[in-house]
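Notes follow the structure.
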Amino acid sequence: MLKKKHIFAMMLIFLISLVCISANAAEIFTKPADWIKDTNGYIQFKGTFNLPEGTPVSILVAPQILEGATEPKEDVTVQRVQSASNTSQFLSMVDYTSTFAVSQSGYVEMEFYLKDSFPTGFANVLIGYNGGENLINIGSFEHVGKDDVNRLVALFNNNETTATAYPGIIDADIAGSDILRRISANTAGYSALNAKTDFATILYSLKPEGGFTPELLIKSFNQAVAWIELREQADTLAVLKKYNNDVWNMPLAANDDLFILSFEEQSNVLGKVKGGKYSDKAKMLADFLENTAVAIFREVADRDTLIALKDNAKYTLYFAEANNICTNSGLNSYYLIAAYNYVLDYNQNSQSVSDINSLFENAIEHAIKEKEKDNTTDTGSSGGSGGGGGGANVKLPPNADMGPVIQTTPIVTETENKKHPFSDVAQNHWANEYISQMYKNNIVSGISESMFSPDTKISRQDFVKIIVSAMELELSNKESNFTDVEKGSYYEPYVVTAVENGIISGTSESEFGLNNLKREDAAVIISRLLEGKNITGDEEKATEFGDNADISEYARESVLKASECGLFVGDNENRFNPKTELSRAETCALVSRLLAVMAQ
């Protein structure tokens, strides 16, 4: 084992061997654009030495010495390392060293790890050759020290520290502030963050239930900066786009709904985003979509567009109550036209879905009064004497055929007359009747206004949505506890409702399982619904499938119950195919049969 004096002697010899002649770094070493890469302390280094073959070369990596500067000062680092008077000083400044002879081509490519204790900040790469007194700095890179990050993780996971009292947010005199600056990709405007009392609060709110990891701390810190910028930067849309892929995933493509609005309405929607001072992206997205839909409604100027908007499956969430108000009114097409005209007179004032619903209520009430007035006028005139003229007072009867001059698009109020509009489901398609029935009862919709995609496999969350809709269950207003169910997503209330009603459970205690649904798992869900309604089938109708042995043990009884009720049939070879994923068309057939059984 070497003694300290031996190590010191070796280090002095090493230091004396390093040199820089009167040439600059570019003349000695040629580096490509990606000459050095730091991946969590794993360094990949490459370049070419412009030196004779066999020249002894030493490479060192040392932390950058800033001395209060914010930009690299290579000369200070070089001087400090070169002036090391003993082994301890040298080792305290240099993390990595390697000595070798230059090859014939001069090319070098090497890989190594920096110590976890290597500090956060700029790191210098130094070289020396041929014996001499000086070192040359050939470049620097920015590094995040693992030990530094781990200290910050411990700090931010300390629940005893209040959100606004975390040290290291920005004050340069507090240890850790520079680490935060460097683990953040958002250095612009960073120096002002300490004055923003809600920055730490937002960052703390992003802490996951299990605490921060280094990766999550970096991600959450960057997200907190994004939220601050969203609140304060003048160009809201620019900030939304800048961080969209990493933070909030808003529909901001050129063909998205926001950009079909006038500039005035776009500004209105974006102003509400800024004014909301959000830190919950699910809430912000939900409000953004609603505000966009309401803005589109405000700009509607004709009846056909209003009807198309109200009936568009894309906007079901926002106009469902308005549709119910119209459907439940009992008014025929003539008086619904009067109601729509009333809506068009006042739609510019609507600021929320609640305003839209109130407007439709008022419109229907207005149309009902018109109808009552017409009925009174009709009754009075039938017993009156002739004469009086006054052709301007003559009204068409409520059931008159208005013709294309008044109504160019038929308004369907009877679900029995509602045919599906899907061009990819032909009349002779095996599931056409099932799809039509489900569509006309507003249980399913297409992937677009004209496409249903019958062969696409259905996910567990979409199957649950269809089942909950078909059973007409009241939607829960609670949040899901499953980690893979996105807060505020369209399917969250359906998943929560189904779980609360014992229709389905997660694939584990923490995950719902957002994967496609297998036929045997669909049978389990269906059998629970049958059992809940005390429905039993006919044992004689049970199908003995040829692949019963392939059905999972947990699903065999459920498949049997469903087949006894005639809900499942085998393929041409009498196979159940338990592991095959259910398609959208098969889902319509299955749920239609279930509703028929329950109606008996």
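Since every read-out is calculated from the coordinates, none of them should be taken as a lab result. Quick caveat: nothing in here was measured; it's all calculated off a predicted structure. All Cβ positions, even for glycine, are placed from backbone atoms using ideal geometry, and neighbour counts span all protein chains on display.
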Can you tell me which lysines have their Cα less than 22 Å from the Cα of LYS533? Leave out same-chain residues fewer than eight positions away. LYS465, LYS541, LYS561
Of SER563, GLY513, ALA549, which is farthest on the positive side of the dipole of the range 502-570, counting Cα position, with +1 on Lys and Arg Cβ, -1 on Asp and Glu Cβ, and the Cα centre as origin? GLY513
With each label point set 7 Å from Cα along the Cα-Cβ vector, what nm distance links SER445 and LEU344? 2.4
Express in nm, to one decimal, how much length is gained between LYS533 and ASN323 on full extension, taking 0.36 nm for each residue of separation and deducting their alpha carbon distance. 72.6 nm
Computed over the Cα atoms of the range 319-376, what is the convex hull's projected area averaged over all directions, in nm²? 3.6
Quickly work out the LEU216-to-THR97 label distance, labels modelled 7 Å from Cα along the C-beta direction, and quote it in nm with one decimal. 4.2
Give me log10 I(q)/I(0) at q = 0.22, 0.26, 0.28 Å⁻¹ for the range 298-337, Debye formula, one equal scatterer per alpha-carbon, no solvent. -0.77, -1.00, -1.08
How many angstrom separate the Cα center of the range 34-53 from the Cα center of the range 446-491? 52
I'd like the distance separating the alpha-carbon centroids of the range 520-568 and the range 256-319, in whole Å. 45
Pairwise over distinct Cα atoms, reciprocal of the mean inverse distance: report the Kirkwood radius of the range 218-319 in Å, one decimal place. 14.5
Which value, in debye to the nearest 20, gives the size of the charge dipole of the range 251-386 about its Cα centre, when Lys and Arg are +1 and Asp and Glu are -1 at the Cβ? 360
Eigenvalues of the alpha-carbon gyration tensor of the range 271-345, times 5 and square-rooted, give semi-axes in Å, largest first, of 29, 13, 9
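If you build the Cα gyration tensor of the range 235-383 and take the root of 5 times each eigenvalue, what three semi-axes come out, in whole angstrom, biggest first? Show your work: numbers first, answer last.
On the way: eigenvalues 297, 33, 29 Å².
Square roots of five times the eigenvalues give 39, 13, 12 Å.
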